[in-house]
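The values are calculated or read from the model by the stated rules, or taken from the named source; none is laboratory data. Treat the numbers as computed from the prediction; the structure is a model and nothing was measured. Positions of Cβ are backbone-derived with ideal geometry, glycine not excepted, and every protein chain shown enters the neighbour counts. Side chains included, ligands, DNA and RNA excluded: accessible areas come from the protein's heavy atoms. Shrake-Rupley method; radii C 1.70, N 1.55, O 1.52, S 1.80 Å.
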Amino acid sequence: MHEQIKYMDRRGAAAASRPQETPSGAALFTPKQVADYLGVSSAKVYQLIRKGELEAVNLGRLYRVTPSAIERMLNQLKVSV
């Protein structure tokens, strides 16, 4: 999935930071990176995490989000027309 995510900020410019990777090679995004990708504020991403709508890994005071968690959240938000 993370190959499909384009690393762009809200303005469509290439984002400077890439996701961190776990030892298994899975990407981990910061809430700021998720916010840039989704075009929302970091506060909104933290709100989604707190409400349980976006699954995140809590590392002490730090949150990290996997690409699959972003994909699951977006799939749940799909609207049928």
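The table below gives the values:
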| item | result |
| --- | --- |
| Hits in the stretch 51-61 (condition: aliphatic (A, V, I, L, M) and at pLDDT 95 or above) | Leu54, Ala56 |
| Subset tally (residues that are open to solvent by less than 90 Å² (accessible area, probe 1.4 Å) and either under 15 Å from Ala27 (Cα atoms) or among the hydroxyl-bearing types (Ser, Thr, Tyr) (or both)) for the stretch 64-81 | 8 |
| Some residue of the stretch 38-58 being in contact with a strand residue (DSSP E or B) (Cβ under 8 Å, 6 or more places away or on another chain), charged (D, E, K, R) and touching a residue at least 24 places away in the same chain (Cβ under 8 Å) | no |
| Residue list for the stretch 37-71, filter: of a type in the set (D, E, K, R) and within 10 Å of the chain's Cα centre (by Cα) | Glu55, Arg64, Glu71 |
| Hits in the stretch 9-32 (condition: at pLDDT below 95 and either part of a helix (DSSP H, G or I) or in contact with a Lys or Arg (Cβ under 6 Å, 6 or more places away or on another chain) (or both)) | Leu28 |
| Residues (open to solvent by less than 70 Å² (accessible area, probe 1.4 Å) and either under 17 Å from Asp36 (Cβ atoms) or of a type in the set (A, V, I, L, M, F, W, C) (or both)) located in the stretch 48-63 | Leu48, Ile49, Leu54, Ala56, Val57, Tyr63 |
